[in-house]
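Please treat every number below as a calculation from the coordinates, not as lab data. The structure presented is a predicted model; accordingly, all values stated were derived computationally and were not measured. A quick note on method: Cβ atoms are made from the backbone with ideal geometry, for glycine too, and the neighbour counts reach across all protein chains shown.
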Amino acid sequence: MLEPPRARGQGWRSANNFRRCRARVAWVENGGGAATTWTLHILASNKNRLHSIYASDFDNDGDLDVFAGESEGIAWIWENTDGKGTFKEHAVAMNSRGHDPRVGDVGCDGDLDIAGKPWGEGEPEPRDHIYLQNMTVERGGKAIFQRQKGEIWRAGQTAEHCP
């Protein structure tokens with residue numbers, strides 16, 4: 001599965017790749033920008049039941065990090081530590097639901113959060129969904145998103161009280 005990077009200004013300079021059964025996470029570098037030469041960079045080859053991958057700036061430092069999650073189980077973020085493709089692996093949730101996650105600023109605080117759902121096979125109802133709150137801004141990091149007044153409404157709020 002290939003998915004384009006999901007960050008401002010990144011275009012198709014690189015892509016992300018994962019295999020569910022072989023449990024490999026990698027990014028593919030576009031050599032020269034013409035999409036004629038590609039270099040595979042393995043991030044991990046020891047994962048299992050992967051169902052998702054996203055390239056986004058999860059730590060608000062201006063470069064792309066990589067999120068991958070199991071259908072049920074561990075979720076990881078590989079932090080791009082130097083902006084040039086050196087990554088550090090972080091397990092961000094031990095019992096997550098990564099079947100079909102989405103990335104966005106759910107908390108309206110300027111950093112990217114992750115929401116996911118379970119695969120659903122063999123689980124009793126109700127099935128739990130997950131919300132992985134990014135704490136970058138709460139821990140002193142700079143916000144990279146700013147919302148217009150009234151763009152995002154929290155439950156019970158009126159337009160006058162929106163951030």
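Odds and ends about this structure:
- Computed label-point distance, nm, for sites ARG102 and LYS142 using a 7 Å Cα→Cβ extension: 2.9
- Annotation: amide H-H contacts under 5 Å for THR81 (H modelled 1.01 Å from N, sequence separation of 5 or more, or interchain): THR86, PHE87, LYS88.
- Pairwise label distance in nanometres, LEU40 with MET94, each label 7 Å out on the Cα-Cβ vector: 3.3
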